[in-house]
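Below: the structure, in structure tokens.
Throughout, read-outs are computed from the coordinates displayed, never taken from laboratory work. These numbers come from a predicted model, not from an experiment. Note: ideal-geometry Cβ built from the backbone for every residue, glycine included; neighbour counts use all protein chains shown.
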There are 2 protein chains.
Amino acid sequence: MISQPTKANVLLVGSGGVGTMAAYALETGGKAEVTAVLRSNYDVVTKQGFSIDSIKHGNGIEGWKPTRLCNKVPNVAEEGIKPFDFIVVTTKNVADVKPTVDEVIEPAVTPGHSVIVLVQNGLNIEKPVIAKFPSNAVLSGVSLIGATETAHGKIRHDDSDAVKVGPYTSPKVSQEDSEKAAKEFVDIYNACGKVDAQFDSNVPFTRWRKLIYNSSFNSVATILRMDTTRMRISEHVIDTLIRPAMLEIKATAKAAGIELPEDIAEVMIRIDPKDTFFKPSMCQDIEKGNYIEFENIVGEPMREAEKLGVATPVLRTIYGILKGLQWQTMEAKGLVVPKWHEGSLYG
Amino acid sequence: MISQPTKANVLLVGSGGVGTMAAYALETGGKAEVTAVLRSNYDVVTKQGFSIDSIKHGNGIEGWKPTRLCNKVPNVAEEGIKPFDFIVVTTKNVADVKPTVDEVIEPAVTPGHSVIVLVQNGLNIEKPVIAKFPSNAVLSGVSLIGATETAHGKIRHDDSDAVKVGPYTSPKVSQEDSEKAAKEFVDIYNACGKVDAQFDSNVPFTRWRKLIYNSSFNSVATILRMDTTRMRISEHVIDTLIRPAMLEIKATAKAAGIELPEDIAEVMIRIDPKDTFFKPSMCQDIEKGNYIEFENIVGEPMREAEKLGVATPVLRTIYGILKGLQWQTMEAKGLVVPKWHEGSLYG
């Protein structure tokens, strides 16, 4: 009898398009067992499994399920279950709305053991997680994937699956251990042979590079409800908003010690396929009435710039508008009430 | 037999809420005969007249019509009609969409005779009009009125009717003649005894003062689709967008020689009644799918600032966004097509 290597015990939080395809890659690679936390799609997937059309794994995948499904984040200590080796978070990261990511995953984290992988947008998303779990390795995952949940449990994966994974710095975890954890995650993710996971030796560079796109296209798309193809055809949206925002991010990155390529703005302006009329993620979120993760995508770079003495007038105004949009979503969801309160400044 | 003084022959272009109430004040004062140009409401008003509820003139006014109705701007020369003494324009002023105001009124203007009264928002709206009709007095009308056409021919006039009228400077018209024309208009407008028309001896001051409100509240309301009460309750919309935009206008006005009161921003922030949840005009326009007059409300002050060396980072970004919104309206109305064209910059 040949001994089987133990599979990594993975918790996946956030089973939309990105999360489900991550679970699929991890499970089919054979080096991981995935417990997926589902919310709105729990009932459907429990009964029927996922239905997947994937550019990487094939079309017509019906009734697929990861090893375990649950409808809330398990409490490892209380439930006496096996500690998770990796906790992969693919939810939106909405810093200004409770519960925050660190609060969501808390019951599942085994201190000193679970590696936390944040496959999410934005800057400084690791800070509250590292603050709460200083003895756990925390990894940055920057995903380039086109995957959408078109209906509960139905996933359309129509563009690539590349993810860069590298270590953040945690106070009580050695750089060596963090890197080892990142490389192990890359290994179990790549095991299926159909995706492209890479070890990221320069997380800040990767994060700032992606911010070039997100702070500009993703933000402006959200404000205008406009796809990136139309922005490019209009030209003035690029000239008056997109490029200036990109250059502010580039200047801020430089002040933070990250030298992005000289032509990064011109490259990013043309990075979406020309004729897809693609609406970036926050635009899709706001059109669905969901919260937007603007605090990490615009707020944090803006605050970094402020600390570093870099002027970001375009980002500041974009931030103010996005915050106004978020306020309206909060009102729609009952989090704020449009009434004058005691001490109202502008009554 | 007592001789009757001749009534002023007035053409009114733009019979929405503001225009109809102007026509009503002018006609009922007895010193003017009004020919009103109607578009969408022409058929209804021809048959039934206007139906008006007015805070100044009384409720339940039914079947009222000005002296003459027409469904396009009359061609005075071709039709051999009596020259108009005043041409009052109360349409929106959408500078980036044809036909522009000067083109619309052209057939009705008798050179050297007709006084053109622009009761419209924004800066530099007189420039193309004066360029085309250099021998006609052109007047600035800044209106403070709450009047809405709630259905074709139905007017709800629920807040004040104050208008400030003063002369612009025309190359071939003496200052004296322009002032005389403005005072005459004030006189015929006030004749009904129910409204408050005033001669405006400082048109630039009045225009820049109103821009403080329009460039900020009107613009941001359009972007966020948000009323001014909610903006004030949220506080951050005021702090990050409204006040900074106001202060940019104040600084630009100052550089242009117009000293607005020191506390103008704080006054304007609180100028709307607290509990009306009022959506300014451009916000109403965009919600109806109409063009917005952002070029005169934001674009022109921004370009003035540029000439004068005043930094307007907030207005610049707001301008870029409003232009993106206008592009989408243009697309909806077939004026632009979202296709790559020869020489596309960002293809």
>> Students often get this wrong, so check it: of A:K82/A:K180; A:K127/A:K183; A:K92/B:K274, which have C-alpha atoms separated by over 32 Å?
In response: A:K92/B:K274
>> Please report the spacing between the Cα centers of the stretch B:156-200 and the stretch A:117-150 in Å, no decimals.
In response: 63 Å
> Beyond 12 Å, what percent of the Cα pairs of the stretch B:237-276 remain?
Replying inline: 60 percent
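How much of the DSSP beta bridge set in chain B is antiparallel, as a percent to the nearest 5? Display every interim value, and only then the final one.
Numbers: 16 of 45 bridges.
If I count the DSSP bridges inside chain B, around 35 percent turn out antiparallel.
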> Mind checking which aspartates and glutamates have their C-alpha under 19 Å from A:K56, skipping anything on the same chain fewer than 8 residues away?
Replying inline: A:E27, A:E149, A:D158, A:D159, A:D161, A:D187, A:D196
> Which ³J(HN,Hα) values in Hz, rounded to whole numbers, follow from the phi angles of the stretch A:171-179 under the Karplus curve 6.51 cos²θ - 1.76 cosθ + 1.60, where θ = phi - 60° and Gly and Pro get x?
Replying inline: x, 10, 10, 6, 4, 4, 5, 5, 5
> Relative to the longest principal Cα axis of chain B, at what angle does helix B:313-332 sit, 0 to 90 degrees, rounded to 10?
Replying inline: 60 degrees
>> Quick check: the distance between the Cα centres of the stretch B:235-254 and the stretch A:1-61, to the nearest angstrom?
In response: 51 Å
> Are there trypsin sites (Lys or Arg not before Pro) in the stretch B:1-79 that DSSP marks as loop and that have at most 15 other Cβ atoms within 10 Å, and which are they?
Replying inline: B:R39, B:K72
> A:R39 versus B:A255, label points 7 Å from Cα toward the beta carbon: distance in nm?
Replying inline: 4.7 nm
> Which of the aspartates and glutamates could a cross-linker span from B:K72 if the Cα-Cα distance has to be under 15 Å and same-chain partners fewer than 8 positions apart are dropped?
Replying inline: B:D43, B:D102, B:E103, B:E106
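Taking every DSSP beta bridge that has both residues in the protein assembly as shown, what percent is antiparallel when rounded to the nearest 5? Please report the intermediate quantities before stating the final value.
Details: 32 of 90 bridges.
Percent antiparallel among DSSP bridges in the protein assembly as shown is about 35.
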> In the neighborhood of B:E248, defined by Cβ-to-Cβ distances under 12 Å, what is the net charge if each Lys or Arg adds +1 and each Asp or Glu adds -1?
Replying inline: +2
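Take every DSSP beta bridge with both residues inside the stretch A:119-265 and express the antiparallel ones as a percent of the total, to the nearest 5. Show your work: numbers first, answer last.
Values: 12 of 17 bridges.
Once the DSSP bridges in the stretch A:119-265 are tallied, antiparallel ones form about 70 percent.
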> Taking the radius of gyration and the Kirkwood hydrodynamic radius from Cα positions alone, what is the Rg/Rh ratio for chain A, to two decimal places?
Replying inline: 0.97
>> How far, in nm to one decimal, is A:F277 from itself in the other copies if the label point is set 7 angstrom along Cα toward Cβ? Shortest first, please.
In response: 3.4
> From the label point of A:P338, set 7 Å along Cα to the beta carbon, how far off in nm is each other copy's matching point, shortest first?
Replying inline: 2.8
> Between A:E306 and the same site in the other copies, what are the distances in nm, shortest first, taking label points 7 Å from Cα along the C-beta direction?
Replying inline: 2.9
>> Between 0 and 90 degrees, rounded to the nearest ten: what's the tilt of helix B:17-28 against the longest Cα principal axis of chain B?
In response: 30 degrees
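Give a quick list of GluC sites (Glu not before Pro) in the stretch A:1-84 that DSSP marks as loop, anything other than H, G, I, E or B, with at most 11 other Cβ atoms within 10 Å. Spell out each step's value before the answer.
On the way: sites: A:E27, A:E33, A:E62, A:E78, A:E79; in loops: none.
Passing both the DSSP loop test and the Cβ count: no residue.
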> Quick one: Cα centre-to-centre distance for the stretch B:211-232 and the stretch A:282-311, in angstrom?
Replying inline: 21 Å
> Given H placed on each backbone N at 1.01 Å, which residues far from B:A32 in sequence or on other chains put an amide H within less than 5 Å of it?
Replying inline: B:A8
> With respect to the cross-link table entries B:K279/B:K333; A:K254/B:K339; B:K172/B:K307, which display a Cα-Cα separation exceeding 30 Å?
Replying inline: A:K254/B:K339
>> How charged is the neighbourhood of A:T150? Take every other residue with its Cβ under 13 Å from the Cβ of A:T150, and add Lys/Arg as +1 and Asp/Glu as -1.
In response: 0
